[in-house]
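Since every read-out is calculated from the coordinates, none of them should be taken as a lab result. Source: prediction; values computed, not measured. With ideal geometry, Cβ positions are generated from the backbone for all residues, glycine too; neighbour counts draw on all protein chains shown.
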Amino acid sequence: MLILGNAIVTLIEHRKESCIVRFLQVGEDITMNTEVISCELHDFVEVACMYGYRLKLTLKNQQIVEGKAVDIVNSPEKRECLVIDQNGDDKQHIDLTELVKMEVLTPNARFKEVVFG
């Protein structure tokens, strides 16, 4: 556990295949849903945001979402979500645990496709 200002950074779990890092306000309950994606897959999502890649996402419910990767944020339910800009003002939050496949539509990207599983 590490204290940063008024927040406590807690490494809840770290294994080779996955990790959970959680920022808590002092006194906040630590109970949470621990469904996560692997650190390696999370890194690909971070790179997509860093370079503003245009993506085609396939979700577990077979829905297809296309747009520009903007950021990773926490939802009010404390879930990590990828923010996708679909048309300038139309932003959608996609729960990272709902991703099945992420295809990069941006030419000359550092990677083309990531399969989550």
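Applied to region 91-105, the Karplus parametrisation 6.51 cos²θ - 1.76 cosθ + 1.60 on θ = phi - 60° returns per-residue 3J(HN,Hα) values of 10, 10, 9, 10, 4, 4, 6, 8, 6, 10, 8, 10, 9, 8, 9 Hz, with x for Gly and Pro.
Could you please report the charge total around Val104, scoring K, R as +1 and D, E as -1 over all other residues with beta-carbon less than 12 angstrom from its beta-carbon? Write out the running numbers ahead of the final one.
Working: positive: Arg54, Lys56, Lys68, Lys101, Arg110, Lys112; negative: Glu66, Glu103, Glu113.
Net charge around Val104: +3.
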